[in-house]
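The values are calculated or read from the model by the stated rules, or taken from the named source; none is laboratory data. What you see is a predicted model, and the numbers here were worked out from it, not measured in a lab. All Cβ positions, even for glycine, are placed from backbone atoms using ideal geometry, and neighbour counts span all protein chains on display. Side chains included, ligands, DNA and RNA excluded: accessible areas come from the protein's heavy atoms. Shrake-Rupley method; radii C 1.70, N 1.55, O 1.52, S 1.80 Å.
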Amino acid sequence: MINIALFGPPGAGKGTQSQHLVEKYGLVYISTGDMLRREIANGTEIGKKVKSILEAGGLVDDEYIVYLIEKVIKENEDKNGFLFDGFPRTYVQAYILEGLLQKLHKKLTCMISLQVPTEILKERLLDRAKKEDRSDDTDEIIRVRLEEYEKKTIPVADFYKDKEIYYPVDGTGTIEDVSKRVDAALDEAMKNILLNVVVYGYPGAGKGTQCKRLAEYFDLVYISVGRILREEIERGTELGKRSKPYIEKGILVPDEIVIQVIEDRIRVNPQARGFVFKGFPRTKIQTYIMDGFMEKMHSSISAVVNLDTNPLTCVKRLNKRGKTKQGRTYDENLDFIIQRLQEYEQKTIPVIENFPHKIPLINIDGDDDRDKITQEMIESVQAAFKRS
Ligand code: AP5
Ligand code: MG
């Protein structure tokens, strides 16, 4: 999901570059200028109220703008993302957009600002006047629009500079030249999108091995609550002592412990590109907790992988591991192994089947060869990242 705001003075090429971006990324196009012109053309109540303002080159009241875009955003919540052309146009509107996106658990990926000298802007708009019939493309009104831009719109850039998502782009040259620069700026901006993967599979399915490889390949931070707690137990920390009775028996630790572990991992990795979550969320309640984490990071899950392994293979693998140095206390006891598999079937499989995020589940044959699994996983996750 990417949400872009195209910024720039009248004639900078916002509308022109929008066509390219909408096509390339499959975004929902929201041009407040076009929407207002449609209202006027259709003679609606709003159209009647704003007509004189557009004709004079002034800015329309925020309430009309919010009314128009709120509806479109809500109707297209599940799409790839939005492209805003000509909005936000005032400092107040920047706050309005924050609020609107937050309500939908989304955020703006970047503001791309097209920079073009005033002389070229005037030339382009007067040239457009010959081809298109826009009542505001006259010498006098262009001057007013440029003044409005200087006075009211330029401060919006500071809002996004502070958030470090402001990308200035040279808007001169041919349309194709500008598109290339816009693409490069977007590539840069997209590096800041977190990529999060959730990996499921029965105990013994090989999640640990594959998660580590996946995290390494995509340069993500691997979070295994189980592994972290085992380390805490070894170090004899407070957290270790609290989780020991659960871990030893192979039963689920209380959610407050899980939250503490994950929160901590996220906090100590502020530069992370994203996270690989091993077997989390594991219960319905934990899906809400996961939503909470994502909301806090302004992020979302990009891929969910299920290592589909025969439970009998898992029992054999765990039983075998129990006889080695890597064996866990709960591997040594067949009752514990079976209990963990049962718990997974009862609590986790329903979570996988009803995963609340709108992304398809990637099923991988976990009985396959280790390297083949890794290869298949990397390819599917890569495709999922591209889609997200
Ligand atoms: P709006 O429709 O947004 O107009 P604008 O901001 O003045 O911008 P333009 O549409 O004129 O320019 P553009 O940057 O899209 O350039 P384009 O691609 O067309 O707003 C109109 C009015 O609505 C406002 O004045 C206001 O009253 C109201 N309004 C809108 N949003 C509002 C909001 N949020 N709050 C309050 N009021 C709001 O390119 C221009 C020309 O140049 C074209 O002919 C194009 O073919 C050509 N061109 C483009 N790129 C190139 C290039 N690289 N080389 C040569 N020619 C090029
Ligand atoms: Mg336009």
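Below, the figures for the structure above:
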quantity: Helices (runs of 4 or more DSSP H) lying entirely in region 232-313 (those with 3 or more residues that are of a type in the set (A, V, I, L, M, F, W, C)); calculated: 255-267, 284-296
quantity: Residue within region 59-80 that is surrounded by 19 or more Cβ atoms within 10 Å (Cβ to Cβ), part of a helix (DSSP H, G or I), within 14 Å of ligand 2 (Cβ to nearest atom) and not aromatic (Phe, Trp, Tyr) present; calculated: no
quantity: VAL261 β-branched (Val, Ile, Thr), more than 27 Å from the chain's Cα centre (by Cα) and closer than 23 Å to TYR202 by Cα; calculated: no
quantity: Number of the condition not met by VAL199 [criteria: (1) out of contact with any strand residue (DSSP E or B) (no Cβ under 6 Å at 6 or more places or on another chain); (2) on the phi < 0 side of the Ramachandran plot]; calculated: (1)
quantity: Single residue of region 81-97 satisfying the filter (open to solvent by 20 Å² or more (accessible area, probe 1.4 Å) and more than 10 Å from ligand 1 (Cβ to nearest atom)) that is nearest to the chain's Cα centre (by Cα); calculated: TYR95
quantity: Lone qualifier among GLU55, GLU39, GLU45 - being farther than 24 Å from LEU83 by Cα, in contact (Cβ under 8 Å) with a residue 24 or more places away in the chain and away from ligand 2 (no atom under 14 Å from the Cβ); calculated: GLU55
quantity: Filtered residue count, region 1-13, keeping only those that are more than 14 Å from ligand 2 (Cβ to nearest atom) and either at pLDDT 95 or above or open to solvent by less than 30 Å² (accessible area, probe 1.4 Å) (or both); calculated: 3
quantity: Out of ARG340, ARG321, ARG328, sole residue that is under 19 Å from THR283 (Cα atoms), of a type in the set (Lys, Arg) and open to solvent by less than 80 Å² (accessible area, probe 1.4 Å); calculated: ARG340
quantity: Some residue of region 102-110 being open to solvent by 70 Å² or more (accessible area, probe 1.4 Å) and either polar (S, T, N, Q) or touching a strand residue (DSSP E or B) at 6+ places or on another chain (Cβ under 7 Å) (or both); calculated: yes
quantity: Selected residue [open to solvent by 30 Å² or more (accessible area, probe 1.4 Å) and touching a Lys or Arg at 6+ places or on another chain (Cβ under 9 Å)] from ILE259, ILE251; calculated: ILE251
quantity: ILE193 being of a type in the set (A, V, I, L, M), in contact (Cβ under 8 Å) with a residue 12 or more places away in the chain, assigned to a loop (DSSP other than H, G, I, E, B) and open to solvent by 40 Å² or more (accessible area, probe 1.4 Å); calculated: yes
quantity: Test result for LEU229, part of a helix (DSSP H, G or I) and of a type in the set (A, V, I, L, M, F, W, C); calculated: yes
quantity: Residue within region 346-353 that is over 14 Å from GLY201 (Cα atoms) and out of contact with any Lys or Arg (no Cβ under 8 Å at 6 or more places or on another chain) present; calculated: no
quantity: Members of region 14-33 found to be near ligand 2 (Cβ under 10 Å from one of its atoms) and open to solvent by 50 Å² or more (accessible area, probe 1.4 Å), listed by number; calculated: THR16
quantity: Condition met for THR324 (over 30 Å from HIS105 (Cβ atoms) and either in a helix (DSSP H, G or I) or out of contact with any strand residue (DSSP E or B) (no Cβ under 8 Å at 6 or more places or on another chain) (or both)); calculated: yes
